[in-house]
Amino acid sequence: MHGNIANSGPAETPSPPAPLPGERGTRAQRGRGEGGSGREPRGAPVLAVCLNGGPDKVYEVPGFSTRGIHRPTRTLSCVGGKGNNFARVLHRLGHRVRILGFSAGWAGRFMEDNLRREGLGLRMLRVAGESRLTTTIVDPAGSVHTEVNEGGPDIGAGDVDRAFAAFREEIAARPAFCVIAGSAPPGAPDSVYGPMIAECRRAGVPVMLDASRRWLLGAAGSAPDVLKPNQPELSTLIGREVTGPSDAAQAARDVVAQGTSTVLVTLGGDGALAVTSEESLHARTTCQLAVISAVASGDAFAAGYVAALLEGRPLRDRLAMAVACGAANAEVLGPGFIERGRAEHILASVVVHTPRPALREEGWSEGH
């Protein structure tokens, strides 16, 4: 991965966070970068790595089944990918963010144009093929969520080298934080994120890893500052099934013992955990939510955590803000189009618990 970096090859497209001249976008796309927080972004940007982003097509289909012909009541064309979703939410919470990723073909151009419209800073590396398309069907009444994810463009060793070279330049600019999220395109090694985490640690830039499956296993040993698995991903990481908050807290402590400073575990309806060598916290919201889709709630959770960290809040408040943002995301159609005001309203209903040292299931007690 650290091999010869060729200067030839597809173009790279850095861009400032500004709308393209003369472009309006759809009603669902316009103004997404403005209405989230009402605050002027300040400070060094956060770097979001999203190597496998692309267009998302979201359909709301009441009574959806796998048979027959269906007509959606609502549709949304937007951009997805975990790192892109994270960046969208963080921007809407009032913080500067810059995305590094691959872009391919028509789908890549759609991704770039729409992220610029949202006011996000980009550094896209052009590769051959087409960026991946994700199709999502939701039926809120029936609690249905169906997602079809394409694999993304096939990349080679030279593309991976270019990505690492660009990443190293971005880290040399001293971002406030780095989040590496999601899958990598076909052709990237399972360990693609490991050297990036190591580069962050060498430069003193705090880094979060939010990946699954082989990309999680390939990089978790690099000991990122923050690791954000969900419960099934934590099970994959430790090699056994994790059952319930108490067991997840103990498993997270085991991961912390391997060198990661903070482990955040999302537990779906059971809330989330934040575990360090000194603290174990469990949070959930008591707010009644009008759930539409949980797509990207984990990405919104990560953005809420980082936003609160940048704002100087302690671990307890970071976890609470993360839970509030994840919950706010579940109430909207599309990945990450939350409003800070709604997240702060939910925040007032988030209860943070401190487990007793024994970490038995009956041992969770409220701490305020």
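Read the figures in this text as sums done on the coordinates, not as results from a lab. Nothing here was measured: the structure is a model prediction, and the numbers come from that model. Cβ atoms come from the backbone with ideal geometry, glycine included; neighbour counts cover every protein chain shown.
Express in whole angstrom the spacing between the alpha-carbon centres of segment 274-293 and segment 308-338. Using only Cα atoms, the two centres lie 10 Å from each other. Distance between the C-alpha centres of segment 204-241 and segment 113-132: 26 Å, rounded to the whole angstrom. Its alpha carbons considered, segment 164-314 gives a radius of gyration followed by a Dmax of 15.4, 46 Å. Taking other C-beta atoms within 10 Å as the exposure proxy, 91, 353, 282, 345 rank 345, 353, 282, 91 from fewest upward.
Viscosity 0.692 mPa s, temperature 37 °C: Stokes-Einstein D of segment 36-366 from its Kirkwood Cα radius, in µm² per second? Walk me through the numbers before you get to the answer.
On the way: Rh = 19.9 Å.
Taking Rh from Cα pairs, D becomes 165 µm²/s.
Cβ crowding within 10 Å, taken as a proxy for footprinting-reagent exposure, orders 92, 342 from fewest neighbours to most as 342, 92. Extension gain, residue 128-residue 313: 0.36 nm per intervening residue step, less the Cα-Cα distance, totals 62.3 nm. Which percentage, to the nearest 5, of the DSSP beta bridges contained in segment 36-366 is antiparallel? If I count the DSSP bridges inside segment 36-366, around 50 percent turn out antiparallel.
Placing a pseudo-label 7 Å from each Cα along the Cα-to-Cβ vector at residue 70 and residue 344 gives an inter-label distance of 3.7 nm. Measuring max minus min along each principal axis, the C-alpha atoms of segment 95-196 give extents of 48, 33, 26 Å (largest first).
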